[in-house]
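Here the structure comes first, spelled out in structure tokens, and everything after it is commentary.
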Amino acid sequence: MSSAGETASGKLDCMSDYEAMPESGAAATGHLHECATERGDPSFAQLKSAGLDSRAVSLIVEATIGARPRIVHWGESLPDSTPEELSLLAFAQSPLGSATRLIHGSLSNEPGTGIATAPGLLVQREGTAWTVDLRVHSVAKEGQATLVITCTDPRCGITATYRFTLCPVTGVLSAQTVVANTGESGLAVEWCAAPVLPVDRRLEQVTGFSGRWAGEFQQETTERFRGTYMRENRAGRTSHDMFPAILLSGPCTSETHGPASAVHLAWSGNARLRIDTAQDGRAFLQAGELLLPGEIALQPGESYASPLLVAAMSESGLGPTSQALHAHVRRNILDPRTNDKPRPVHYNTWEAVYFDHDEARLKDLANRAAEVGAERFVLDDGWFGSRRSDAAGLGDWFVSKDIYPGGLRPLADHVRSLGMEFGLWFEPEMVNPDSDLFRAHPDWVLGGEGIEHVPFRNQLTLDLTKPEVTDYLYRCIADIVEEAQVDYIKWDMNRDTVHPASGERGAMHRQTHAVYALIDALRERFPDLEIESCASGGARADYGVLQHTDRVWTSDNNDALDRQAIQRSASHFLPLSIMGSHVGPRRCHITGRVLSMDMRVASAIVGHMGMELDLEDETAEDRATLAAGIALYKQHRGLLHSGRFHRIAMPEPFNAVSVSAVNGDETIVSCAMLGSLPTSLPPRLPIPGLTPDRRYRVKLVWPQAPEFPGTRSIYEEADLAGEGLQVQGAALGRLGIQLPLMHPATCILLHCKAEH
Ligand code: GLA
């Protein structure tokens, strides 16, 4: 513990790795100091983490008591440079024709600092107290990995606590801003970004994630420009079209080279991400919750916490940022209970029966699903109330006795007798106006007074800020989970919430937290219950919801060709272990495209595999192929869900990805040819992640009986189905293996195993 005088006057906080920091509470007394660089005597706080593949990461914050804090360095460590040197290296003069000294960015770029780019904190007390100027009050370290910088503005009555954690293993940064009202009147918070990140000037390109229903995770890349790049989500869920994330890269950045960063906001409600590039060329990234007018009104003593910003940075391209984020999700976000369990093969009933439930038929489907190797049977929409279509019954969470006279238990027991877990679909936050629930409680929905409800899949959003609503939902869900011994919930959410008002007030913030709390309460009551986050496919797939759930439904689109693109793009943030990917029907219900079972299986294996089709409609041959594919998934899921994921750079029309064991022992590669080949021979396929000086045996493990057109190919020549090709890791990584000629819409899986 250091006294206030010590911290305010000296270089006390210039820290090396894991050096102890003063306990929180070490405070500055007396007057506020000038900007640190003007004083010429700054103090620095530092976190350093191992990072994957020895790429240590550090965060250095100039945090001089009484001065404004600022990030000096975030990225791969520069081991022989001191914070002072890095700070000096970055010293910039004031531009001509501007303020007499350069105004630095701070952790909130507050309006009171005079910085000309957009503020990261907008607050006011009835029009006053908005020119906030936060100065460091204390610096503390929690454990080895967390740095807490507390700043105050006594004039405005505000304290901001900035919390940075660098995962000691992955080097991933998690950062949060908490603003507290220390004044004596109400404080309106209009915007409170997670700590503002200065953008490395080399990162000239910005990639955002757009999309639509059944077409999630589409990337849009643009050159960074002076002015504001901004994306806002007002859908009341993570949304199909504004996944809250940004990739930043340099003009020559690839998967394996160049500076890159990947930034995500762990939040399932409304969000805003922006990059402001000033006229002087400096740029700042902000990510936070998009708040509705008046939504956050802090009474004295109350505080507001921004969602977590989660970010990875690499000097070796976008591949390492994804690998670090995947490892971070597995280590720090997901529940170890489910994370350590092999991800079971799903059978989902939706595309087999839709709303046409029949107990005998479902039991037969369960038999067929078990036969091909399913390990979890998920009964989708249509089992409750008057839910015979999407027009009625939502909200009435009582088993339809006309279909299931003995409740769900007989079906669930049948499923379990086949060795499968029993999963059940719910859409707790929603109600059909044509439901007993809505007839009894028309006031239980979100919506502005006097504003017409806009229909959206015939449903309205329940107001979960009302305790009576969450009590009702909790009781209904818990009763059914208990009665039918439900192992798994597919938790859906099928509309945008466009009028998120509870009474007169904006309620999206409270609603989002209420959903998280409801899920947590159920998990507490049923510790083995697993939950999937679905929202018309992938509209609620984010790190916020993953703190409470175990899997996401990536997209309603089961077209294997479309899935190749969706899953490749989602892999920038989502690890394969939580990415639901199912074998769909031969003719895709959404795109109408007909694809072989070989192709459908190959695409589903690279994720958390399942199936969602009427097995009676498939030929015996295709069912046998599916069973073989499921067996292959089971053989390799340990590797798929724990290894390093690589997006391999290949020309169109190829999509190649691989997962390599962290110890270099093995790798599995998926290479799909999505369209027609422009050249008459295909290219070579490099295989990353292998140890250069080890020898590997490469085999083609899928499809079982490939049909490569043309003359004898490498498949026969190198005996890829038999003994396999034996070659060094370096040659496979650098030169790659020549692909055989492939038909469009086919995919091969290769497995490389190190020789001992
Ligand atoms: C959403 C989901 C589907 C299915 C239906 C049921 O669209 O994304 O997987 O569960 O709802 O109504």
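The values are calculated or read from the model by the stated rules, or taken from the named source; none is laboratory data. Everything quoted here is computed from the prediction, not taken from an experiment. Neighbour counts are summed over all protein chains in view; Cβ atoms, including those assigned to glycine, are modelled from backbone coordinates with ideal geometry.
Does residue 174 satisfy the criteria of being out of contact with any helix residue (DSSP H, G or I) (no Cβ under 6 Å at 6 or more places or on another chain) and more than 22 Å from residue 259 (Cβ to Cβ)? So residue 174 fails the test. Among the conditions (1) in a strand (DSSP E or B); (2) out of contact with any helix residue (DSSP H, G or I) (no Cβ under 7 Å at 6 or more places or on another chain), residue 645 misses just one, which is (2).
The residue that is nearest to the chain's Cα centre (by Cα), among those in the stretch 636-661 that are among the small types (Gly, Ala, Ser) and crowded, with 20+ Cβ neighbours inside 10 Å, is 643. Just wondering, is there one or more residues in the stretch 290-311 that are assigned to a strand (DSSP E or B), in contact with a helix residue (DSSP H, G or I) (Cβ under 8 Å, 6 or more places away or on another chain) and over 19 Å from residue 174 (Cα atoms)? Among the residues of the stretch 290-311, at least one is assigned to a strand (DSSP E or B), in contact with a helix residue (DSSP H, G or I) (Cβ under 8 Å, 6 or more places away or on another chain) and over 19 Å from residue 174 (Cα atoms), which makes the answer yes. Checking the condition part of a strand (DSSP E or B) and either touching a residue at least 24 places away in the same chain (Cβ under 8 Å) or among the hydrophobic types (A, V, I, L, M, F, W, C) (or both), which residue from 750, 741 passes? Just a single option satisfies the conditions, and that option is 750.
Comparison of 373, 419 shows that the only residue that is modelled with pLDDT of 95 or more, surrounded by fewer than 16 Cβ atoms within 10 Å (Cβ to Cβ), more than 30 Å from residue 501 (Cα to Cα) and more than 15 Å from the ligand (Cβ to nearest atom) is 419. In the condition set (1) buried (at least 20 other Cβ atoms within 10 Å of the Cβ); (2) part of a helix (DSSP H, G or I); (3) over 19 Å from the mean Cα position of the chain (by Cα), residue 479 is compliant with all but (1). For the stretch 108-132, name all the residues that are under 15 Å from residue 177 (Cα atoms) and surrounded by fewer than 19 Cβ atoms within 10 Å (Cβ to Cβ). Listed by number, the list holds a single entry, 122. Of the strands (runs of 3 or more DSSP E) lying entirely inside the stretch 482-585, those containing at least 2 residues that are within 14 Å of the chain's Cα centre (by Cα) and modelled with pLDDT of 95 or more are 530-533, 551-553, 579-583. Go through the stretch 153-164 residue by residue and tally those that are surrounded by 23 or more Cβ atoms within 10 Å (Cβ to Cβ) and among the β-branched types (Val, Ile, Thr). Of the residues in the stretch 153-164, 1 are surrounded by 23 or more Cβ atoms within 10 Å (Cβ to Cβ) and among the β-branched types (Val, Ile, Thr). Among the conditions (1) surrounded by fewer than 22 Cβ atoms within 10 Å (Cβ to Cβ); (2) assigned to a strand (DSSP E or B), residue 225 misses just one, which is (2). Among residues of the stretch 598-622 that are under 17 Å from residue 570 (Cβ atoms) and assigned to a helix (DSSP H, G or I), those with a beta-carbon under 6 Å from a residue that is charged (D, E, K, R) and modelled with pLDDT of 95 or more at least six positions away or on a different chain give the pairs 603/563.
In the stretch 482-498, of all residues being farther than 18 Å from residue 268 by Cβ and more than 16 Å from the ligand (Cβ to nearest atom), the one that is surrounded by the fewest Cβ atoms within 10 Å (Cβ to Cβ) corresponds to 482. The residue list 81, 98 contains one member that is surrounded by fewer than 24 Cβ atoms within 10 Å (Cβ to Cβ) and within 25 Å of residue 143 (Cα to Cα), which is 81. Taken together, the residues in the stretch 688-711 that are in contact (Cβ under 8 Å) with a residue 60 or more places away in the chain and out of contact with any Phe, Trp or Tyr (no Cβ under 8 Å at 6 or more places or on another chain) amount to 8.
Checking the structure you have, find out if any residue of the stretch 447-454 is within 15 Å of residue 494 (Cα to Cα), within 14 Å of the ligand (Cβ to nearest atom) and in a loop (DSSP other than H, G, I, E, B). No: zero hits.
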